[in-house]
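The values are calculated or read from the model by the stated rules, or taken from the named source; none is laboratory data. Computed from a predicted structure; not experimentally measured. Neighbour counts run over all protein chains shown; Cβ positions are idealised from the backbone, glycine included. Just so you know, the surface numbers come from the protein's heavy atoms only, side chains and all, with ligands and any DNA or RNA stripped out. Shrake-Rupley method; radii C 1.70, N 1.55, O 1.52, S 1.80 Å.
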Amino acid sequence: MRQRVHVWVSGRVQGVYFRGTAKTQAMELGLAGWARNLASGGVELLVEGPPERIAQFLAWCRSGPPLARVDECRVVEEKPLGDCVGFEVRRSH
């Protein structure tokens, strides 16, 4: 069984290596997807994989890397598509 979630994180999450650390976390958990900075100052992520590993990743997202301050972590479940391979850090949006 696979799960897919779209995540928006706000707070002090840019300039603190949030996307790069998210990639490391996702790769260690065997998850696929991407992360990108938003013009609003937040970070947007899309992740797909086994539900128990998604739960671990979301727990990490709620705190982020050491220099981050996460104020909000909004999660929306989506239908798994299986269209993501690996995990990439995308250009800002």
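For segment 84-93, the criterion of being open to solvent by 30 Å² or more (accessible area, probe 1.4 Å) and aliphatic (A, V, I, L, M) is satisfied by at least one residue. For segment 55-71, give me the residue count where each residue is touching a helix residue (DSSP H, G or I) at 6+ places or on another chain (Cβ under 6 Å) and part of a loop (DSSP other than H, G, I, E, B). Going through segment 55-71 one residue at a time, the tally reaches 3. None of 74, 4 is at pLDDT 95 or above, out of contact with any His (no Cβ under 6 Å at 6 or more places or on another chain), open to solvent by 60 Å² or more (accessible area, probe 1.4 Å) and in a strand (DSSP E or B) except 74. Candidates 59, 35: the one that is modelled with pLDDT of 95 or more and either of a type outside the set (Gly, Ala, Ser) or open to solvent by less than 30 Å² (accessible area, probe 1.4 Å) (or both) is 35.
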